[in-house]
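Here is the structure we will look at, set down as structure tokens.
The values are calculated or read from the model by the stated rules, or taken from the named source; none is laboratory data. Small disclaimer: the values here were computed from a predicted structure and weren't measured. Cβ atoms come from the backbone with ideal geometry, glycine included; neighbour counts cover every protein chain shown.
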Amino acid sequence: MLTCSKTYRDIPFAHRQHRHNGHCSLIHGHNWAITLTFACQKTDANGFVVDFGDLKYLKTWIAQNLDHACLFNESDPESEALLAQFGHLFKAYILPNTSCEGLAQHLHGVFNPMVRAQTEDRVWVTQVEIEEDSKNSATYLPD
């Protein structure tokens with residue numbers, strides 16, 4: 001198996017951890033980085049796992065869904081009220097868990113099918129690493 005990685009840096013978005021006992025229960029933002037590790041058994045005709053120039057569809061998805069967004073856990077009891085009253089003021093993205101770990105796992109589920117479709121199943125996403133303000137990170141590795 002061969003791998004290569006692509007990092008998307010300085011993606012500003014907010015989140016909140018509604019179950020947290022401290023300040024993380026408040027809506028707050030970070031600059032995030034998403035590193036995707038791609039894998040294949042056989043490279044393309046250029047000897048690449050993926051051609052980084054052909055990954056614009058991933059950058060577009062990030063820009064449309066995460067850039068300057070506010071992420072909410074789908075179980076957050078306040079998200080519905082916030083969206084109803086203030087949803088016109090921000091871009092919301094709802095997912096199962098807005099922690100670094102939850103985001104890494106969620107994004108694997110988003111990006112892996114996209115990469116497989118674009119490469120006709122030659123390439124897959126073998127891991128997703130999320131960095132929060134370049135201080136904290138979590139990595140998702142599927143079984």
How many residues of the stretch 44-68 are under 19 Å from T7 (Cβ atoms) and small (G, A, S)? The answer is 2
Residue count, the stretch 57-72, condition touching a His at 6+ places or on another chain (Cβ under 6 Å) and of a type outside the set (A, V, I, L, M), comes to 0
Can you spot a residue in the stretch 40-49 that is touching a Leu at 6+ places or on another chain (Cβ under 7 Å) and not hydroxyl-bearing (S, T, Y)? yes
Scanning the stretch 24-79 for residues that are under 18 Å from the mean Cα position of the chain (by Cα) and among the charged types (D, E, K, R) gives K56, K59, D67, E74
Of all strands (runs of 3 or more DSSP E) fully inside the stretch 1-116, the set with 2 or more residues that are at pLDDT 95 or above and surrounded by fewer than 12 Cβ atoms within 10 Å (Cβ to Cβ) is 2-15
